[in-house]
Amino acid sequence: MNQKRSALLIVDVQKDFLPGGTLGVKDGDRIIAVINTLQQQFDRIIATQDFHPANHKSFASNHSGKQVGEFIELGGQQQILWPDHCVQNTEGTKFSEELEQSKWEKIFQKGMNAEVDSYSGFFDNAKMGDTGLNDYLKKEEISRLYITGLAQDYCVKFTALDAVNLGFETYLIADATRPVNLSAADGDQAIQELKAAGIKIIASKELFNCKYTSKDHV
């Protein structure tokens, strides 16, 4: 397979999802070095960015009397309420300075519609809004995706599920992601869900060992 048909997809490695952020993922910072090393193996690299307006209805702060972790209906979907995070034009929406970004082709922003949340890098949760990622990948003739980022049990999971459902050969690089784990088993359950959907779960060393370059990748 032509290497140019493969891409590394980096999901939401933003300050608010890292330890110390408003929705920090435990050990989320530990994936950055892995992702930076992975980027040396790819010619095609794309990222997604959570980019919410301050009035986003998935934020508990925008619902009087509601608390983080409670559920409401939003955009016709069951929606958990989150702390404010990745708000446009705030520090928390920025990517970590430790994350290498020089080779990125494009960043796809999501979560900009205040009326519905957007976990996937492809669509909002109601499948009414499209980020343009699918069209871009198809136009670029990319057919194989290696997915990394935060968080394994939400945005990474839903991005991977949409990718495989859209016909992409989809891999999750397990040591380049971490779960939120609102419940202790959420991360493990996400992995089982992804496997059942036909997504291949691999470790970064599997790519390093095969010397993934622009000239040889099988």
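The values are calculated or read from the model by the stated rules, or taken from the named source; none is laboratory data. All of these numbers come straight from a predicted model, not from anything done at the bench. Backbone-built Cβ (ideal geometry, glycine too); neighbour counts: all protein chains shown.
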Worksheet entry | Candidates Ala126, Ala114, filtered to the one that is among the small types (Gly, Ala, Ser), more than 30 Å from Glu206 (Cβ to Cβ), in a loop (DSSP other than H, G, I, E, B) and touching a Lys or Arg at 6+ places or on another chain (Cβ under 6 Å) | Ala114
Worksheet item: Take the residues of the range 128-179 that are buried (at least 22 other Cβ atoms within 10 Å of the Cβ) and of a type in the set (Lys, Arg): which is nearest to Asp16 (Cα to Cα)?
Response: Arg178
Worksheet item: Which members of the range 61-89 meet the condition of being over 16 Å from Asn125 (Cα atoms), part of a loop (DSSP other than H, G, I, E, B) and in contact with a strand residue (DSSP E or B) (Cβ under 9 Å, 6 or more places away or on another chain)?
Response: His63, Lys66, Val68, Gly69, Glu70, Pro83, Asp84, His85, Cys86, Gln88
Discussion item. Which numbered condition in (1) modelled with pLDDT under 95; (2) outside any strand (DSSP E or B) is the only one that Asp135 fails?
Written reply: (1)
Practice prompt. Quick one: in the range 91-111, of everything that is polar (S, T, N, Q) and outside any loop (DSSP other than H, G, I, E, B), which residue is farthest from Asp130 (Cα to Cα)?
Written response: Thr93
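Return yes when Thr170 is within 14 Å of Asp12 (Cβ to Cβ) and either of a type in the set (Asp, Glu) or in contact (Cβ under 8 Å) with a residue 12 or more places away in the chain (or both) and no when it is not.
Spelling it out, it is not the case that Thr170 is within 14 Å of Asp12 (Cβ to Cβ) and either of a type in the set (Asp, Glu) or in contact (Cβ under 8 Å) with a residue 12 or more places away in the chain (or both).
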Worksheet item: If you go through the range 31-50 one residue at a time, do you hit one that is out of contact with any Phe, Trp or Tyr (no Cβ under 8 Å at 6 or more places or on another chain), within 25 Å of Phe123 (Cβ to Cβ), among the basic types (Lys, Arg) and surrounded by 16 or more Cβ atoms within 10 Å (Cβ to Cβ)?
Response: yes
Discussion item. Can you tell me which condition Thr170 does not meet? The list is (1) closer than 13 Å to Gly198 by Cα; (2) more than 16 Å from the chain's Cα centre (by Cα), and all the others hold.
Written reply: (2)
Discussion item. Given the options Lys26, Lys94, name the one that is under 30 Å from Ile142 (Cβ atoms), out of contact with any Leu (no Cβ under 9 Å at 6 or more places or on another chain) and surrounded by fewer than 16 Cβ atoms within 10 Å (Cβ to Cβ).
Written reply: Lys94
Discussion item. Being part of a loop (DSSP other than H, G, I, E, B) and either at pLDDT below 95 or among the small types (Gly, Ala, Ser) (or both) is the filter here; which residues of the range 11-33 pass it?
Written reply: Gly20, Gly21, Gly24
Practice prompt. Give me the pairs, please: first residue somewhere in the range 44-60 and outside any strand (DSSP E or B), second residue anywhere and among the basic types (Lys, Arg) and surrounded by fewer than 20 Cβ atoms within 10 Å (Cβ to Cβ), beta-carbon distance under 7 Å, and either six or more positions apart or on two chains.
Written response: Arg44/Lys4; Ala60/Lys66
Worksheet item: Which of the residues belonging to the range 138-156 are assigned to a helix (DSSP H, G or I) and touching a Pro at 6+ places or on another chain (Cβ under 9 Å)?
Response: Val156
